[in-house]
Structures are given as C-alpha cells and as structure tokens.
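Note sheet for the following structure.
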Amino acid sequence: MTGTVVVGVDGSASSLEAVDVAAHEAKLRGGRLHVVHAFVWPMMKVPLGPSVMGPPSGGLRNLARKTTEDAVARARNTEPSVEVTQEVISGDPLSVLTTESRGADLVVVGTRGLGGFTGLLVGSVAVYLAAHAECPVLVTRGRREPSGPVLLGVDGSEVGDAAVGWAFEEASLRGAELVAMHNWNNWAGPVAAGPGIQVPTYYDVDLFRAEEERVLATAIAGWRERYPDVTVTPRLVQEYTRQALISASGESQLLVVGARGRGGFAGLLLGSVSQAVLHHAHCPVTVVRTHRAHEHGHRHGRTQEDGKHHLPWPGRTHRQPGDVENGPAD
C-alpha cells in the first residue's frame, strides 16, 4: 500500500469540502494527501498564459496552480500533521483521476464540480470513478460533519467481500461502530440462490429469513475475527436495499457499498444500489470495486505491514513524460 489519499479539486465548494474529508482520511491512515487538478485547457488549444492586457498573475495556467495551492492550504489548515503534495496534470478529470487511482489507497471527490448541469444530484466524475477507479472512491455528500456508525451494505456475494473488509477497516480507523445491513424481501428469491438454481415460486418465509441471517453472519464472520476492536451490529432488514440504506445513512458517518451486487446485469460496472446511494445518501459514500485480478479466489486476502492490515489493491503505474504541469508542494 502507498498510504496515499488522492483528492480531485477544481475550485468548486464541493471539491474544497472533499479536501477536508481527504485530509482527515490521510491522517487516519498515517499517509499523505495528494491534491490533483485536471488541466483540460491544453487539449483545447487555447492560450494558457496571461493576456497582454491583463495582470501577470492571470491566465488559465496560473488559475490552475492557484486552485491547487488554495486546496493545499486548506488541507494543511484542516490537518497540519499530514504531508500534502500537489500536481496539475494535463487531461480531462475522468482519465486523470482514474490514472491516479492506480497508485492510491483512496480517491476522494466532491459530489459535483464546476462542470456539468446544475440540476444533477451527483456529477459525472463521481459516478465514472465509482465505476472505473482502481481503488475505493469516497464521494462527499449529505449533511455536514456527519456522525454515527459506519454503515455497510452487505449483499452476501463474493465480489462484495472487498467492501466488507474496507468497512471494517474504516470503522477501526475511526473508532466507530459498524452497522452491517443486509436486506431481503419475501417477494423475491433468496440471495443465496446462485446461477442455474431454480427458486420455487412459493417458499417458507421463516426458512428464507433464516437463510438470509446465515448469509449476513457468514459475510462478516472472517472480518470480525480480524478486527476484534470493532463493535459490529448485524441488521437484517425486510425492505428494498436502496431505500433502507438511504434511510439509515441519515444516522451514519459513512456508507460503504460494493460497486455491484447480485442483482442487475452482469455487464454493468456500477449497480443500481450504488448509483442510488451516490445520488441520495445523507452522508459520504465509499464505493469499493473488486478488480478482475481479485474477483476469483479472493476471500479475506490481506497483507500485513507494520502491524496494519491492508486490502490488496493494484500497484501504481507511471505517468507518461510531459503529463505533469506542476510538481509537489513545497
């Protein structure tokens, strides 16, 4: 693990709030914060320097640098002990932040930036990263300074195991209770039913509920042993998953979900539940993807370094020469 938390900034109020959250996450992990601004204007072939009629401090390049410098100053004011670096990287936000995610423990973005349509509840960058980033993505949203437990959406799937592990680690770092919520209803087939298994039209509701209780207990059992310091409250809820998680997020400090659960279409990178909570949750949301290298045979796969447990995310790849417009903060 690199110990790096990346935050994307564009000068918007939402991205500055993301800086506060990212600085706190970096402090919790004993890592560094890397502030990144995607500088899209070189791709537009427009003048980047100050106008001959304007002040020397003007121009798009100087504006981009000021955006990162303001974010760095805010981060240092929020968490003075955290090491902060900065970069202005040529490219669009989607590709720049996806590339940055390859070497990060966590990417943090605001709900909405300066671009897009003002009527959207969550911006395209946040949704895209939740579906494509190569590390967990935390989207800041909901009420300010949320408190309460860490809320985990459990679907009982193998690919959802990474989200369970991430939620336990977050709860441990924050010293918070973990509420592990699994939803079921008696008008759909049991979660435990796999591909090719015929689910009867009529079944015993009590047996169905008992099976869902077993699914929830099994999903958290291994992680519970690895995090004995975390107080876990299993919660089995007979309700639609989206509504239950959104409602419970109003009393939580963080909601953790997997990118995709058992429902929906296999080709989708981001499931309907993940999209719903990104748009409507009352607290920040972390979406945890399981990468193809870990989707098969990865169960509770963890490494230990300096006494800390870490999830095995892919390593960082190097940028191409010339991509960086600005270097680390002094």
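The values are calculated or read from the model by the stated rules, or taken from the named source; none is laboratory data. The structure displayed is predicted, hence computed values, not measured ones. Reconstructed Cβ throughout: ideal geometry from the backbone, glycine too, with neighbour counts over all protein chains shown. Only protein heavy atoms, including side chains, enter the accessible area calculation; ligands, DNA and RNA are left aside. Shrake-Rupley method; radii C 1.70, N 1.55, O 1.52, S 1.80 Å.
Between beta-carbons, use under 12 Å as the cut-off and find the net charge around residue 277, counting Lys and Arg +1, Asp and Glu -1.
That works out to +2.
Starting from the amide H of residue 283, placed 1.01 Å from N in the peptide plane, find each other amide H under 5 Å away whose residue is 5 or more places distant or on another chain.
143
Would you mind counting up the charge near residue 148? Only other residues with Cβ under 14 Å from its Cβ, with Lys and Arg at +1 and Asp and Glu at -1.
Its environment carries a net charge of 0.
How far, in nm, would the chain grow between residue 217 and residue 272 when pulled straight, counting 0.36 nm per residue and subtracting the alpha carbon separation?
That works out to 17.4 nm of additional length.
Counting only protein chains, not ligands or nucleic acids, how are 89, 246 ordered by accessible area (probe 1.4 Å), most first?
246, 89
For a quick check: with amide H placed at 1.01 Å from N, whose amide H comes under 5 Å from residue 148's, ignoring anything fewer than 5 positions away on the same chain?
HN-HN under 5 Å from residue 148: 253.
Would you kindly find the accessible area of residue 24, with a 1.4 Å probe and non-protein molecules such as ligands, DNA and RNA excluded, rounding to the nearest 10 Å²?
Approximately 80 Å² for this residue.
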